[in-house]
């Protein structure tokens, strides 16, 4: 004799949810045949509008947030022999992008309240080989950026903001992604903005 379950789990709501207008817009672009950066205009328009949204002069659309972090490190010339301070409490890309460049990620402890690294925890792990800091804004809660930027200036370091979980967040009235030397966002399907 076989038995059937007496209960069932409700289906989860699909995520992300796309409206009919969003689906129609994607369909329009696909049907136009102008789907690359050279022939289509949506990519350039998105970059312009997003730069305005976060208060920066420029925005570059890439395939994902990991590539954005890697590109920032590459532009800064970070590689073998260099160290980059990162948080241990983040998606692996926040540290793996450093390894991909041949540099060494150095973990700073997180603050018990904010769960983010801060200027004091960063200061404790600085060495003469430190070249940059990746400040990860978790769950829409920005790192305490003013002291981090001051510390970076004192030591000649670059600051990359990992904003993959903080679209629309502001720190003391300023949009995240516009405070450090670089800001990296992600629009992966599990992010705040897709």
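Taken over region 124-154, residues that are at pLDDT 95 or above and surrounded by 14 or more Cβ atoms within 10 Å (Cβ to Cβ) amount to 19. If the condition is being under 14 Å from residue 83 (Cβ atoms) and either in a loop (DSSP other than H, G, I, E, B) or not assigned by TED's automatic domain parsing to the domain that holds residue 79 (or both), then region 118-130 contributes 124, 125, 126, 127, 128, 129. The set of residues from region 160-178 being surrounded by fewer than 23 Cβ atoms within 10 Å (Cβ to Cβ) and at negative phi comprises 165, 167, 169, 170, 171, 174, 175, 178. How do the pairs read when you match residues in region 63-74 that are not assigned by TED's automatic domain parsing to the domain that holds residue 36 with residues anywhere that are in a loop (DSSP other than H, G, I, E, B) and surrounded by fewer than 17 Cβ atoms within 10 Å (Cβ to Cβ), using Cβ under 6 Å and keeping only pairs 6 or more apart or on different chains? Close Cβ pairs satisfying both conditions: 68/62. Just so you know, in region 52-69 the residues that are over 11 Å from residue 182 (Cβ atoms) and assigned to a helix (DSSP H, G or I) include one that is modelled with the lowest pLDDT, and it is 65.
When 162, 113, 190 are checked against the criterion of being at pLDDT below 95 and under 23 Å from residue 60 (Cα atoms), a single residue qualifies: 190. Residues in region 87-112 that are more than 17 Å from the chain's Cα centre (by Cα) and within 16 Å of residue 148 (Cβ to Cβ) were compared, and the one that is surrounded by the most Cβ atoms within 10 Å (Cβ to Cβ) is 108. Selection over region 167-188 of residues that are farther than 24 Å from residue 17 by Cβ and in contact with a strand residue (DSSP E or B) (Cβ under 9 Å, 6 or more places away or on another chain) gives a count of 10.
Answer yes or no as to whether residue 109 is in contact with a helix residue (DSSP H, G or I) (Cβ under 7 Å, 6 or more places away or on another chain) and part of a loop (DSSP other than H, G, I, E, B). Yes.
The values are calculated or read from the model by the stated rules, or taken from the named source; none is laboratory data. Because the structure is a prediction, the values reported are computed rather than measured. Every residue, glycine among them, receives a Cβ derived from its backbone with ideal geometry; neighbour counts consider all protein chains shown.
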